[in-house]
Amino acid sequence: EYEAADYLIKHKGLQLIALHNEMKMQLNAMFGINNSIVVRNGINLERFRDNSETKEKIRKSIGIAECAFVVGHIGRFFEPKNHDFLIEVFNLVQEHRKSAFLLLIGAGPLKSKIKEKINSLNLNNKVMILSHRTDIPRLLKAMDVFVFPSKYEGFPISLVEAQAAGLRCIVSDKINTESFLCDDVIPLSIDESPSTWCNVILDETIKGKSYGHLNDYDMNRIIKRLENIYCGEADD
């Protein structure tokens, strides 16, 4: 595969496209070139700005109390997503705020293990797991804060979606800062204690730093960019 791509680059003008700058640098280094371009994963921003259904109505439809303080997470149940740490953090959050509720969206091999941990901490009535959902923009609107303590990530589109939904996002500092698109994204080391994470989650005055713009992920803009690339008008 490498040989085929290398031949097409050198002899047929193949244009390499990366999803973010780190990937761009990796492609350039891999093939000894300097002209890879970045075209981001586009999302339909309008789906996240749709106000036709209230937060209270969404919560009622999935069985969450209207008055709850909803901590949310989206991701597969496997080791890099660090659900085990997330449960420890949430356990402290619900001790400080009695209305706290954890909404986990995803499936995966460690789901049963995480459910056992939830049970061992007597959190069954405060945690909901939803799998195989196609209404992510709607479910994000049911949350108050998005928590994402991954051990490592490529480029998490779910974090971009959470920002599009207007959520405060408390995230691992292992995550590519290109995905920090507003000052409501606050990075923390996963080496910090669950107590530190809990305090930041509950302190809404803490702000982060943005490194990009949400509109850069607007699907309509991405489609237009791809059209320009296919017409030979690409630039980066």
For Val127, which sequence-distant residues (separation of 5 or more, or a different chain) have an amide H within less than 5 Å of its own amide H, given hydrogens modelled in the peptide plane? Leu102
With springs only between Cα atoms under 10 Å apart, run a GNM on the chain and tell me which of Ile170, Ile201, Ile114 wobbles the most. Ile114
What value, in deg cm²/dmol to 500, does the helix sum -39500 (n - 2.57) over DSSP H runs of n ≥ 4 give at 222 nm once divided by the residues of the chain? -11500 deg cm²/dmol
Along the stretch 50-59, what does the Karplus equation 6.51 cos²θ - 1.76 cosθ + 1.60 (θ = phi - 60°) give for ³J(HN,Hα), rounded to whole Hz, x for Gly and Pro? 6, 9, 6, 10, 6, 4, 4, 5, 5, 4
Along the charge dipole of the chain, which of Met25, Leu45, Val185 sits closest to the positive end, that is, farthest toward it, with unit charges on the beta carbon of Lys, Arg, Asp and Glu (+1, +1, -1, -1)? Leu45
Roughly how many whole Å is it from the C-alpha centroid of the stretch 157-185 to that of the stretch 56-130? 19 Å
Using θ = phi - 60° and Karplus 6.51 cos²θ - 1.76 cosθ + 1.60, couplings along the stretch 10-20 (whole Hz; Gly, Pro as x): 7, 10, 10, x, 4, 9, 8, 10, 10, 8, 7
In nm, to one decimal, how far is the Val38 label point from the Tyr211 one, both placed 7 Å along Cα→Cβ? 0.9 nm
Where a label projected 7 Å from the Cα of Ser120 along Cα→Cβ would reach, residues of the stretch 70-104 with amide N under 19 Å: 77-95
Within 10 Å, at most 14 other Cβ atoms, and a DSSP state outside H, G, I, E, B define an exposed site. Report the longest part of the chain free of exposed chymotrypsin sites (Phe, Trp or Tyr not before Pro). 1-77
Quick check: the angle from helix 21-31's long axis to the longest principal axis of the chain, C-alpha only, nearest 10 degrees? 40 degrees
Cα gyration tensor category, rounded, prolate or oblate, for the chain with a/c compared to 1.5: prolate
Roughly how tilted is helix 83-96, in degrees to the nearest 10 and between 0 and 90, from the longest Cα axis of the chain? 40 degrees
Would you grab the residues whose amide H sits under 5 Å from the one on Phe146? Only those 5+ places off in sequence or on another chain, please, with H modelled 1.01 Å from N. Gly72, Arg168, Cys169, Ile170
Taking the Cα atoms only, what angle lies between the long axis of helix 111-120 and the longest principal axis of the chain, rounded to 10 degrees? 30 degrees
Relative contact order for the chain using alpha-carbon pairs under 8 Å, separation at least 6, rounded to a whole percent? 20 percent
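With a 1.4 Å probe and all protein chains left in place, how much of the accessible area of the chain comes from carbon and sulfur atoms, in whole percent?
48 percent
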Most fluctuating of Gly106, Gly32, Gly75 in the GNM of the chain (C-alpha, under 10 Å) is Gly32
Over every pair of different alpha-carbon atoms in the stretch 184-236, take the mean of 1/r and invert it; report that Kirkwood radius in Å. 14.4 Å
Working out 0.36 nm times the residue gap between Cys231 and Ala29, then minus their Cα-Cα distance, what length gain in nm do you get to one decimal? 70.1 nm
Under 5 Å, built H, 5+ apart or other chain: amide partners of Ile175: none
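The values are calculated or read from the model by the stated rules, or taken from the named source; none is laboratory data. Keep in mind that this is a model prediction, so the values were computed, not measured. Cβ atoms come from the backbone with ideal geometry, glycine included; neighbour counts cover every protein chain shown. Just the protein is used for accessible areas: all its heavy atoms, side chains included, with ligands, DNA and RNA removed. Shrake-Rupley method; radii C 1.70, N 1.55, O 1.52, S 1.80 Å.
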